[in-house]
């Protein structure tokens, strides 16, 4: 009977774990929907910034702008986005694997690497590395970062690039495609680039005061800011999506384990009853 008590205890423990994973799955699903909506809200802003930059580039205003200055990459800055917590499937391991790959390529090419981390998991990983310089770490970032949080990261990247401490700035993050598909991805934000977008009439007919060059300063900054913001939103949506899938898998596994343990317990109980009946029958025959 002791084995039956042990099985009952295991079943009770697994059921408790199942309740926790089920609750975490529901919370992650709710957060994922909000994060997914947030990623869609910024698309119109990014599109408008690309329209303005397309027009300004056509006026040759971007040629000598410091944000668009192309030069040989001898040092670069990596902004790496992971999570503060675990239990998100392969979310963090995919990012760390991509980061390790980028560091290896930089080392082979003789490129120095500076790193800004967002999320405790990647901060702990980078802190153990010998060949990478950690210049900034941000933890407990909200799902929709405030302007202050965002500008701190953007200003670090821009100041490092314009002061020529680094020759390129890349962001390593998890790109969100849909609820079941996410991928570790790297995007270059400096030197600044943009997607060519056919301009609307307002971009061509508008008057730029005091000059297109001055307007470009603000537009280019906002473009970089929107790109960083978009990567943060994508990373959060991917994190919640992968955590939802991981917790659903854990919940399903817990259900299967409860079924297996229940079957084993029933077999043990049936064996114990059969043994007792056999002992009683044997005793009766002995008395006769």
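The order of 96, 263, 78, going from fewest to most other C-beta atoms within 10 Å of their C-beta, is 263, 96, 78.
Extending 7 Å from the Cα toward the beta-carbon at both residue 266 and residue 3 defines two label points whose distance is 1.7 nm. Modelled this way, with points 7 Å down the Cα-to-C-beta line, the labels at residue 70 and residue 253 are 4.8 nm from one another.
Taking 0.36 nm per residue of separation and subtracting the current Cα-Cα distance, fully stretching the chain between residue 108 and residue 218 would add 35.9 nm.
Assign one of three labels to region 66-158, namely rounded, prolate or oblate, based on the Cα gyration tensor with a ≥ b ≥ c the square roots of its eigenvalues; rounded applies when a/c is under 1.5, prolate when it is not and a/b is larger than b/c, and oblate otherwise.
Values: a/c = 2.13, a/b = 1.17, b/c = 1.83.
Oblate is the answer for region 66-158, as a/c is 1.5 or above yet b/c matches or exceeds a/b.
Checking the a/c ratio against 1.5 first, then a/b against b/c, what shape does the Cα gyration tensor give for region 98-141? Intermediate values should be presented prior to the final figure.
Numbers: a/c = 2.38, a/b = 2.10, b/c = 1.13.
Prolate shape, in that a/c is at least 1.5 and a/b is the bigger ratio.
Determine, for 25, 264, 183, the number of other Cβ atoms within 10 Å of each Cβ, and report the residues in order from fewest to most. Don't skip to the end; give the middle numbers.
Values: 25 20, 264 15, 183 12.
So the ranking, lowest neighbour count to highest, is 183, 264, 25.
The simple spin-label model puts a point 7 Å past each Cα toward its Cβ; for residue 155 and residue 87 those points are separated by 3.6 nm. Full extension of the chain segment joining residue 17 with residue 100 gains 26.5 nm, where the gain is 0.36 nm per residue of separation less the Cα-Cα distance. Just check region 10-138 against the gyration tensor rule for me: Cα atoms, a ≥ b ≥ c as the square roots of the eigenvalues, rounded for a/c under 1.5, and otherwise prolate or oblate depending on whether a/b exceeds b/c. Because a/c hits 1.5 or more and a/b fails to exceed b/c, region 10-138 counts as oblate.
Say R0 is 45 Å: what FRET efficiency, to the nearest 0.05, do residue 127 and residue 26 get from their beta-carbon distance?
Values: r = 34 Å, r/R0 = 0.75.
Once the sixth-power term is evaluated, E becomes 0.85.
Computed from the coordinates by the stated procedures, all read-outs in this text should not be read as laboratory data. Computed from a predicted model, the values in this text were never measured in an experiment. Backbone-built Cβ (ideal geometry, glycine too); neighbour counts: all protein chains shown.
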